[in-house]
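Report on the structure given below.
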Amino acid sequence: MPNPPPILNMIVALLVLLGVVVLAYAAATETPLRYGDERQYVEIAHSISEGQGYVLSGSPTAYRPPAWPVIIAVFLLLGMPHNLLALIPALLLVIASFVAVAIGVRLTRSPWGGLAGVAVLTYPLNVYTATTLYPQAFATLLVLSLWLICLVVSERSDKRPAYLYILAGLLASLLILSVPTLGLTALVVAGWLVVTAHGERLRAGLYVLVSFILPILSWTIRNMVIMGSPILVSTSGGINLLIGNNPSATASSGVNVDIDGVKASAHAMGEVDADKYFRDSALDWIAHNPGDSFTLYLAKAANYFSPYNEPVTAVQGTGVQRLIAYASFGVLILLVIIRLLLRARSPLQQTERLFLWLFFANSFAMAIFFTRTRFRQPLDSILLVEASLACVLLVGMLIRVYRARRGLH
């Protein structure tokens, strides 16, 4: 195997250095758990690690999807102190950056494509979420890993190894079981791998389907036994649908809505019944307010592209965070536009078109519930890869212009 080009070695070395900085920064935060979601994930993880099962507030639950609490629980079982739990998402982001290197190099056929990893690891929104106990960093790793698998499969003309399809199905399943709002991405990628498996669709479909279904089936069986209901993902779908579809909801309101009356009515219900009650309440409002609900849906779809949404829990420095978010997302969009304008010079490959389409299509899928910048954040890495490709193309053009001018003298 030939040695990597010196440029790629330099990029990898830079990533290692940046990775150490990100991990040190995450450790310095000491896992403050500023948001209620984080506290619930950690509480469930502690219950698992202490042998009490998948429990929240003292009772068995399916309110949170299982993948992320299980991952935290594994690190707790390995002896990680509570104040260092923020190292988990930070480490996952570092790994995701190396996956981005592989994608960038393959797409550009140049070691400079490795800059995609630098972009993923230094993007401010990525760094911020990687110091929280949200599953977004894990989802970023899963999305980029699925892209890499699609890329490897698309490059092979011979029989693809079975492990690629098995791994893709497993990762797609974990994506749904960690961040359900990315279910569209998981399903489309899994389907794409099967449809494009010319000459071996039956084989590919079998491997993808079995590896995709097994984790979800295991979780569903657990819920049937423990919760008394075949819950596929979680019991939070109803409340999330209601949060995004009620008279007080706006495009960017998030969870800051007035649904106390509905919550009060469901107070005495069990988790499964409450989930159904919330879902029925949301669907009833939609059915009786078709015009308002459709207008709200379009506004939520537009909010998907917002560079920043104000956190419900006030945190220090939100003004600075807003400025950084707008500036970084603005540069990102500009570079993606340049990449699209340069597609005649460097045509979009099949997987690029797929994942760019998924980035935009998710706006309409997530708007069924409600949209937040944090929900979109794992998909921003798709744009980060494309923005890096734009930089590589621009630098290449400038170098050719410089050499051409020097040749004239």
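The values are calculated or read from the model by the stated rules, or taken from the named source; none is laboratory data. All values derive from a computational prediction rather than experimental measurement. Methodologically, a virtual Cβ is constructed for each residue, glycine included, from the backbone with ideal geometry; neighbour enumeration extends over all protein chains shown.
To keep it simple, each residue is scored yes or no on (1) among the hydrophobic types (A, V, I, L, M, F, W, C); (2) at negative phi; (3) not in a loop (DSSP other than H, G, I, E, B).
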site	(1), (2), (3)
Leu335	yes, yes, yes
Ser346	no, yes, no
Leu356	yes, yes, yes
Ile368	yes, yes, no
Leu383	yes, yes, yes
Leu389	yes, yes, yes
Val395	yes, yes, yes
Ile399	yes, yes, yes
Arg403	no, yes, yes
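If Arg201 satisfies all but one of (1) surrounded by fewer than 16 Cβ atoms within 10 Å (Cβ to Cβ); (2) under 19 Å from the mean Cα position of the chain (by Cα); (3) of a type outside the set (S, T, N, Q), what's the number of the condition it fails?
It is condition (2) that Arg201 fails.
Does any residue of region 81-93 turn out to be within 19 Å of Pro124 (Cα to Cα), of a type in the set (Val, Ile, Thr) and modelled with pLDDT under 95?
Within region 81-93, not a single residue is within 19 Å of Pro124 (Cα to Cα), of a type in the set (Val, Ile, Thr) and modelled with pLDDT under 95.
With respect to Ala266, is the statement that it is surrounded by 18 or more Cβ atoms within 10 Å (Cβ to Cβ) and closer than 23 Å to Pro60 by Cα true?
On the way: surrounded by 18 or more Cβ atoms within 10 Å (Cβ to Cβ): yes; closer than 23 Å to Pro60 by Cα: yes.
Criteria met by Ala266.
Here are Ala73, Ala13: which of them is farther than 21 Å from Arg374 by Cα, without any contact (Cβ under 8 Å) to a residue 24 or more places away in the chain and part of a helix (DSSP H, G or I)? Let's see the steps before the verdict.
Details: Ala73 fails: without any contact (Cβ under 8 Å) to a residue 24 or more places away in the chain.
Going through Ala73, Ala13 in turn, just one is farther than 21 Å from Arg374 by Cα, without any contact (Cβ under 8 Å) to a residue 24 or more places away in the chain and part of a helix (DSSP H, G or I): Ala13.
Do we find a residue being among the hydrophobic types (A, V, I, L, M, F, W, C) and surrounded by 18 or more Cβ atoms within 10 Å (Cβ to Cβ) anywhere in region 307-323?
At the first step, the residues of region 307-323 found to be among the hydrophobic types (A, V, I, L, M, F, W, C) are 312, 314-315, 320, 323.
The next check asks that each one be surrounded by 18 or more Cβ atoms within 10 Å (Cβ to Cβ); those that pass are none.
No, because not a single residue in region 307-323 is among the hydrophobic types (A, V, I, L, M, F, W, C) and surrounded by 18 or more Cβ atoms within 10 Å (Cβ to Cβ).
Quick one: in region 346-371, of everything that is crowded, with 19+ Cβ neighbours inside 10 Å and of a type in the set (Ser, Thr, Tyr), which residue is farthest from Ser253 (Cα to Cα)?
Checked region 346-371; the qualifying residue farthest from Ser253 (Cα to Cα) is Thr351.
Go through (1) of a type in the set (Val, Ile, Thr); (2) surrounded by fewer than 18 Cβ atoms within 10 Å (Cβ to Cβ); (3) closer than 17 Å to Pro135 by Cβ for Val55 and report which single condition fails.
That leaves (3) as the condition not met.
Identify all residues within region 32-65 that are polar (S, T, N, Q), part of a loop (DSSP other than H, G, I, E, B) and over 21 Å from Asn240 (Cα atoms); write none if there are none.
First pass over region 32-65, keeping only residues polar (S, T, N, Q): 40, 47, 49, 52, 57, 59, 61.
Filter again for part of a loop (DSSP other than H, G, I, E, B), leaving 52, 57, 61.
The answer is Gln52, and nothing else.
Among the residues of region 242-277, write down those that are in contact (Cβ under 8 Å) with a residue 24 or more places away in the chain and of a type in the set (Lys, Arg).
Looking only at region 242-277, we keep the residues that are in contact (Cβ under 8 Å) with a residue 24 or more places away in the chain, and these are 242-247, 249-256, 271-272, 274-277.
The answer is Lys276, and nothing else.
Considering Ile221, Ile243, Ile226, Ile231, which residue is out of contact with any helix residue (DSSP H, G or I) (no Cβ under 8 Å at 6 or more places or on another chain), buried (at least 17 other Cβ atoms within 10 Å of the Cβ) and of a type outside the set (Phe, Trp, Tyr)?
Values: Ile221 fails: buried (at least 17 other Cβ atoms within 10 Å of the Cβ); Ile226 fails: buried (at least 17 other Cβ atoms within 10 Å of the Cβ); Ile231 fails: out of contact with any helix residue (DSSP H, G or I) (no Cβ under 8 Å at 6 or more places or on another chain).
Just a single option satisfies the conditions, and that option is Ile243.
Looking only at region 189-198, which residues are buried (at least 19 other Cβ atoms within 10 Å of the Cβ) and part of a helix (DSSP H, G or I)? Before the answer, list the steps.
Of all residues in region 189-198, those buried (at least 19 other Cβ atoms within 10 Å of the Cβ) come to 189-190, 192-194, 197.
Once the filter is applied, which keeps residues that are buried (at least 19 other Cβ atoms within 10 Å of the Cβ) and part of a helix (DSSP H, G or I), region 189-198 yields Val189, Ala190, Trp192, Leu193, Val194.
If you check Leu78, Leu121, Leu85, which single one turns out to be crowded, with 21+ Cβ neighbours inside 10 Å, more than 17 Å from Leu8 (Cβ to Cβ) and among the aliphatic types (A, V, I, L, M)?
On the way: Leu78 fails: crowded, with 21+ Cβ neighbours inside 10 Å; Leu121 fails: more than 17 Å from Leu8 (Cβ to Cβ).
So the residue among Leu78, Leu121, Leu85 that is crowded, with 21+ Cβ neighbours inside 10 Å, more than 17 Å from Leu8 (Cβ to Cβ) and among the aliphatic types (A, V, I, L, M) is Leu85.
Only residues in region 34-57 that are at pLDDT below 95 count as the first member; pair them with residues that are in a helix (DSSP H, G or I), Cβ under 8 angstrom, at least 6 apart or cross-chain, and list the lot.
Qualifying pairs under 8 Å: Ser57/Glu43.
On the basis of being more than 30 Å from Gly291 (Cα to Cα) and crowded, with 20+ Cβ neighbours inside 10 Å, does Ser211 make the cut?
Values: more than 30 Å from Gly291 (Cα to Cα): yes; crowded, with 20+ Cβ neighbours inside 10 Å: yes.
Criteria met by Ser211.
If I ask for residues that are under 12 Å from Thr61 (Cα atoms) and under 25 Å from the mean Cα position of the chain (by Cα), which ones from region 224-233 would you list?
Ile231, Val233 - these are the residues of region 224-233 that are under 12 Å from Thr61 (Cα atoms) and under 25 Å from the mean Cα position of the chain (by Cα).
Among the residues of region 162-172, are any in contact (Cβ under 8 Å) with a residue 60 or more places away in the chain and of a type outside the set (Phe, Trp, Tyr)? If you could, list the steps in order and put the result at the bottom.
Within region 162-172, the subset in contact (Cβ under 8 Å) with a residue 60 or more places away in the chain is none.
No, every residue in region 162-172 fails to be in contact (Cβ under 8 Å) with a residue 60 or more places away in the chain and of a type outside the set (Phe, Trp, Tyr).
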